[in-house]
1. Taking 7 Å along the Cα-to-C-beta vector as the label spot, tell me the residue 127-residue 185 distance in nanometres, rounded to one decimal.
2. I'd like the Karplus ³J(HN,Hα) series for the range 47-52: coefficients 6.51, -1.76, 1.60, θ = phi - 60°, whole numbers in Hz, and an x wherever there's a Gly or Pro.
3. Could you order the peptides 48-58, 121-131 from most to least packed, using the average number of other C-beta atoms within 10 Å per residue?
4. Please give me, ordered by residue number, the trypsin sites (Lys or Arg not before Pro) of the range 149-257 that lie in loop per DSSP and have at most 15 other Cβ atoms within 10 Å.
5. When you have a sec, figure out the Kirkwood radius of the range 138-201 from all distinct Cα pair distances and drop it here in Å to one decimal?
6. I'd like the antiparallel share, as a percent to the nearest 5, of DSSP beta bridges with both residues in the range 79-210.
7. Given the pairs 209/242; 199/242; 199/233; 76/226, which span a C-alpha to C-alpha distance of over 29 angstrom in this model?
8. With charges set only on the Cβ (+1 for Lys and Arg, -1 for Asp and Glu), what does the dipole of the range 61-136 come to about its Cα centre, in debye to the nearest 20?
Amino acid sequence: MKKILSAILAGAMLCTSALMFSACGGNASSTADSSKTEDAKVLHMATNAAFEPYEYVESNEVVGIDAEIAKAICDKLGYQLQIDDMEFDAIITAVTTGKADFGMAGMTITDERKQSVDFTDPYTNAVQVIIVNEEDSKVASKADLEGKAIGVQLGTTGDLYVSDVNDAKVERFSKGADAVLALTQGKVDAVVIDNQPAKAFVAQNPGIKILEEDFANEEYAICLAKGNELTAKFNTALKELKDDGTVDSIIKKYIKE
């Protein structure tokens with residue numbers, strides 16, 4: 001009887017262990033394979049959390065305009081949101097290869113990016129600006145960028161736009177903060193970047209300023225793999241969130257003016 005009871009208990013323990021292993025394995029595979037997100041009800045968002053106020057890290061959590069809008073969209077569609085932080089120039093690859101369900105990182109709609117991904121309707125407008133040193137700067141306007149060393153964040157629209165500046169020496173950095181640091185150290189003559197992060201960088205680094213003349217105007221949107229049926233669902237949810245004032249209230253929470 002003791003032998004029979006021991007056998008039963010051993011079998012139960014093996015089953016319990018198998019179930020626990022299976023559960024853990026299921027979670028791991030849902031993270032690695034975005035094709036299972038419909039079943040798991042989790043959507044993975046690829047971002048670069050170094051772009052305040054759109055996405056940045058606070059208390060070990062990614063927060064900001066994009067994070068909150070993405071959460072509102074997922075809530076409306078009945079999904080949980082998982083934010084995956086990565087280098088900006090890896091986001092489109094993560095989306096096209098299925099490692100992420102969508103990308104949202106202050107990403108501008110461009111013809112070049114449209115060749116790789118689909119975009120939702122825009123959720124906000126943005127401006128590219130020029131940051132220079134307050135003293136002894138050789139750059140006082142957009143026209144002065146010709147022939148100068150310009151710092152940009154790799155893969156951003158700032159990177160794309162300055163590539164057309166005549167005779168410019170473009171210095172590419174993995175983070176906008178690194179480009180600004182190069183400016184303060186005299187390694188570049190100017191930095192081209194989005195207006196809102198630019199304001200944060202100027203506030204954190206005395207001795208630099210934003211030129212009054214805008215470099216470029218653009219629209220931000222969410223990118224998804226080509227043909228993804230979620231794009232239409234995202235657009236519907238985004239329209240509802242715009243109409244009821246949610247998107248506007250989120251933006252005003254982070255951009256006070």
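No lab work stands behind these numbers, since they all come straight from the coordinates. Since the model is a prediction, treat every value here as computed from it, not as a measurement. No Cβ is skipped: glycine too gets one built from the backbone with ideal geometry, and neighbour counts run over all protein chains shown.
1. Result: 3.0 nm between the two label points.
2. 8, 10, 7, 9, 9, 4
3. Taking the mean over residues of other Cβ atoms within 10 Å, the ranking is 48-58, 121-131.
4. Answer in residue order: 175, 187, 226, 256.
5. 11.4
6. Of those bridges, close to 50 percent are antiparallel.
7. Listed pairs above 29 Å: 209/242; 199/233.
8. It works out to roughly 520 debye.
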